[in-house]
Amino acid sequence: MSGTERRLKNLMTLLEQARERLGLDLGFVLWEGSTVPAGLPRDALALHIADKGAVARLIRSPKLETLLLLWLVRRIDVRNGTLFDLVHLRKTKSTRDFRKTLDKRLALRTLLAFLFAPRGAALPALRQSKWRPSSGDPSENKRNISYHYNLSNTFYSLWLDKEMVYTCAYCTDWDNDIDRMQQDKLEMICRKLRLKAGERMLDIGCGWGAVSMFAARHYGVTAYGVTLSEQQVAYANEKIKRLGLQDRVRIECKDYTQVEGEGAFDKIAAIGIQEHIGIANYPTYYKTINRLLKRDGLFLHHAITWPAKRPDSALRRGGPADIHIFTKYIFPGAQLDNIGNAMRMLERHGFEVHDVEAWREHYQRTCRLWHDRLLANYDAAAAEIGDLKARLWLTYLAASSIAFERNSIGLYQTLASKRRRGPSGLPPTRADLYR
């Protein structure tokens, strides 16, 4: 038996041991056509390893980032399923028991054999950024936002809802489709802000303008939205003209810190913007909101969060390695807060918190629907932005849905007003939100 044949046989034996001793209903398909177990049905859920160099790369660089890059170029892939199917596989035995019974000599021989094997083709050199939180400089903020949101309006339209809302939707029923969920979310934002005809609303990080236009059309407000994505501004302004809303909605490409000369606003919505701010810049963020909000105004703050179980030092480092990967390749400059710190910062900067609502499960559902829509339109997406980026986004949406499902990250909507003496002016209950 040659060295190549022995290496392959050892790997297959090791995979068979792992499969049996963990009790995984998962097969493996190797580069030369052999399967684990032998005779694996063609329609079985399986992990495909396209070349021995993929194994060699993982052994030499056993990092999540290596696995991601191999996944993106399909040197490691799933057959007859998705990432969700892999993650939701149930083991009948614990990992600890598996380690106790694993043939360690076989494992060592296999690892050493692949350690010195050729690694195959170079991994893709995706455009990326070194992870670090935003400095708060408007020009840096624009570069970070443009990196993500200027990808292609057409690409986003393939998987977002018809209003192009790229933040957590709201489920009044878990079986609602994405269009209904986002309409219900826009309605809930307006209700929480208690919008009234004639009021002026500021929409910070307005995206493609859905909140501003919905509020103007259905609640009679005058809305001003700012985003740092030129493609979003172009799309929004075309839609504003098409809907005849020029006298009630204005969208500009501007950093939130540069909103000047507009006077104070009755209501301010910041839906999914804090993730881009950076913890060190929170004082500027909250002071800006306070400056722009009328004395009796309301502020709706909507943001993804970490659980507070991690120390503050970990929060500032940006979280675990899996999140660093997506800030590197997807969201440069991003940094998450926890809900406790958000409450503290609001109070520290002159706000009174009235209502906090968890939307974690809503975002799990939202990301899953986005993933499924992108998967259904994958060929068109790949034609628009390239196969590599389309697969990266598909992976990102799946990972996000799984993270929300596992409660690794959360999302909260928080309603606040400027702190003052006397009545807040809000209703005594939430009943008006659900009329």
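Readers should treat all values here as calculations from the given coordinates under stated rules, not as data from a laboratory. Note that this is a predicted model, so its numbers are computed, not measured. Counting neighbours? That spans all protein chains shown, and the Cβs are built from the backbone with ideal geometry, glycine included.
Assorted remarks:
- Prolate/oblate/rounded label for the range 3-115 (Cα gyration tensor, a/c 1.5): rounded
- Footprinting exposure proxy for ARG421, ARG6, ARG75 (fewest neighbouring C-beta atoms within 10 Å first): ARG421, ARG6, ARG75
- Using a Förster distance of 22 Å, the FRET efficiency for LYS91-GLU32 (Cβ separation, nearest 0.05): 0.20
- Take the chain and mark each of the GluC sites (Glu not before Pro) that is in a DSSP loop with at most 11 other Cβ atoms within 10 Å; the longest unmarked stretch, sites excluded, is 33-259.
- Residues whose placed amide H lies under 5 Å from that of HIS354, excluding near-sequence neighbours: LEU415, ALA416, SER417
- Rounded to 5, the percent of DSSP beta bridges in the range 138-434 classed as antiparallel: 40
- The Kirkwood hydrodynamic radius of the range 138-434, based on inverse pair distances between different Cα atoms, is 19.5 Å.
- Eligible lysines near LYS254 by straight Cα distance, threshold 23 Å, same-chain separation 8 or greater: LYS142, LYS239, LYS241, LYS267, LYS287, LYS294
- Cα gyration tensor, the range 224-374 - rounded (a/c under 1.5), prolate or oblate: oblate
- The chain: calculated mean residue ellipticity at 222 nm from DSSP helix runs of at least 4, using -39500 (n - 2.57): -14000 deg cm²/dmol
- If the segment from GLU238 to ARG6 were pulled out straight at 0.36 nm per residue, it would be longer than the present Cα-Cα gap by 77.2 nm.
- Estimated FRET transfer efficiency when R0 is 41 angstrom, pair HIS218-ARG19 (beta carbons, to 0.05): 0.15
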